[in-house]
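K.L.:
Here you go, one structure.
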Amino acid sequence: MNRRDFSLQLAATGAVLATATAAQAQGGPVEGTHYVKLNTPAPVSLAADKKIEVVEFFWYECPACNAFEPALESWVKRLPADVQFRYIPVGFTARHQVTQRLFYTLEAMGQLVPLHRRIFAAIHVQNRRLGTESEMMNWVKEQGVDMARFNELYKSFQVNTAGNRARQLSDAYRIDGVPALGVHGRFWTSGALAGGGERALATTNFLIERVRSGKI
């Protein structure tokens, strides 16, 4: 799916899903069908005590990302100790970059955990528009956030750098749609490729095991 299409969706066409489901049933995820192996590895950022990195590329305004989030959260809670997960908000266009900056600003303030799901709910349940800076700032203010600190960080070097690195990483993974899951700079999958969100998570488990066993 084109990265500049604002109506991003999780499922591909019925024919693609049927092919993916049939192939998986015959013996597990298949390279080139259910996941992509990168020709050039993407960079990883690991804590000292972690070994395998998984990232989710997402956009708060993406309906498929919103629908995928509960299953993803549940899956993340069950990850083994040798796996590190992190979110990567995409910045394909100026509109994407509004909520990308929101993500990294709240992260820098230590406010991301309580507000992450609220952002999805505001857009997809309450039908709030957060696609411009003024709309987004109004919503943030309503959440009781320290706006002086928020404004200080929003266009800071720290947040600019985080956004630049996120865009570089999505380019390195060659991501053109969301949601998508990257595994240790070597592979990526998505619901469109794997045949749905749960199958994407199962494929990610398969890819984690490939990395763990050195089959990369």
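Yes/no matrix, rows are residues, columns are (1) of a type in the set (Gly, Ala, Ser); (2) closer than 30 Å to Leu46 by Cα:
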| position | (1), (2) |
| --- | --- |
| Val125 | no, no |
| Gly131 | yes, no |
| Asn138 | no, no |
| Gln143 | no, no |
| Asp146 | no, no |
| Asn151 | no, yes |
| Gln168 | no, yes |
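K.L.:
For a quick check of your reading: which helices (runs of 4 or more DSSP H) sit entirely within region 50-169 and have at least 3 residues that are touching a residue at least 40 places away in the same chain (Cβ under 8 Å)?
P.N.:
Answer list for region 50-169: 63-77, 94-109, 112-124, 147-154.
K.L.:
Follow-up question, since we're still on this one. State yes or no: is Glu61 out of contact with any Lys or Arg (no Cβ under 6 Å at 6 or more places or on another chain), closer than 27 Å to Val211 by Cα and crowded, with 21+ Cβ neighbours inside 10 Å?
P.N.:
Numbers: out of contact with any Lys or Arg (no Cβ under 6 Å at 6 or more places or on another chain): yes; closer than 27 Å to Val211 by Cα: no; crowded, with 21+ Cβ neighbours inside 10 Å: yes.
No, not satisfied.
K.L.:
Hey, any hits in region 180-188 for a residue that's touching a residue at least 24 places away in the same chain (Cβ under 8 Å), within 18 Å of Cys62 (Cβ to Cβ) and either part of a helix (DSSP H, G or I) or β-branched (Val, Ile, Thr) (or both)? Lay out the reasoning, then the answer.
P.N.:
Initially, region 180-188 is screened for residues touching a residue at least 24 places away in the same chain (Cβ under 8 Å), giving 180-188.
Applying the additional criterion that residues be within 18 Å of Cys62 (Cβ to Cβ) yields 180-182, 188.
Narrowing the set further to residues that are either part of a helix (DSSP H, G or I) or β-branched (Val, Ile, Thr) (or both) leaves none.
Taking every residue of region 180-188 in turn, none turns out to be touching a residue at least 24 places away in the same chain (Cβ under 8 Å), within 18 Å of Cys62 (Cβ to Cβ) and either part of a helix (DSSP H, G or I) or β-branched (Val, Ile, Thr) (or both).
K.L.:
Exactly one of (1) loosely packed, with under 13 Cβ neighbours inside 10 Å; (2) of a type in the set (A, V, I, L, M); (3) in contact with a helix residue (DSSP H, G or I) (Cβ under 7 Å, 6 or more places away or on another chain) is unmet by Val140. Its number?
P.N.:
Val140 satisfies every listed condition except (1).
K.L.:
Just the residues that are of a type outside the set (Ser, Thr, Tyr), crowded, with 22+ Cβ neighbours inside 10 Å and either in a loop (DSSP other than H, G, I, E, B) or more than 15 Å from the chain's Cα centre (by Cα) (or both), please, taken from region 194-207.
P.N.:
Selection gives Ala194, Gly195, Leu207.
Residue by residue, here is whether (1) assigned by TED's automatic domain parsing to the domain that holds Gly191; (2) crowded, with 20+ Cβ neighbours inside 10 Å; (3) touching a helix residue (DSSP H, G or I) at 6+ places or on another chain (Cβ under 6 Å); (4) among the aromatic types (Phe, Trp, Tyr) holds:
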| site | (1), (2), (3), (4) |
| --- | --- |
| Phe68 | yes, yes, yes, yes |
| Phe85 | yes, no, yes, yes |
| Val98 | no, yes, yes, no |
| Leu106 | no, yes, yes, no |
| Ile123 | no, yes, no, no |
| Arg128 | no, no, yes, no |
| Asn164 | no, no, no, no |
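K.L.:
Enumerate the pairs (first residue in region 27-38 and in a strand (DSSP E or B); second residue anywhere and acidic (Asp, Glu)) with beta-carbon separation below 6 Å, excluding pairs fewer than 6 apart on the same chain, so at least 6 apart or on different chains.
P.N.:
Listed by first residue and then by second, the contacts come to Lys37/Glu31.
The values are calculated or read from the model by the stated rules, or taken from the named source; none is laboratory data. It should be emphasised that the depicted structure is a prediction, and the values quoted were computed from it without experimental measurement. Counting neighbours? That spans all protein chains shown, and the Cβs are built from the backbone with ideal geometry, glycine included.
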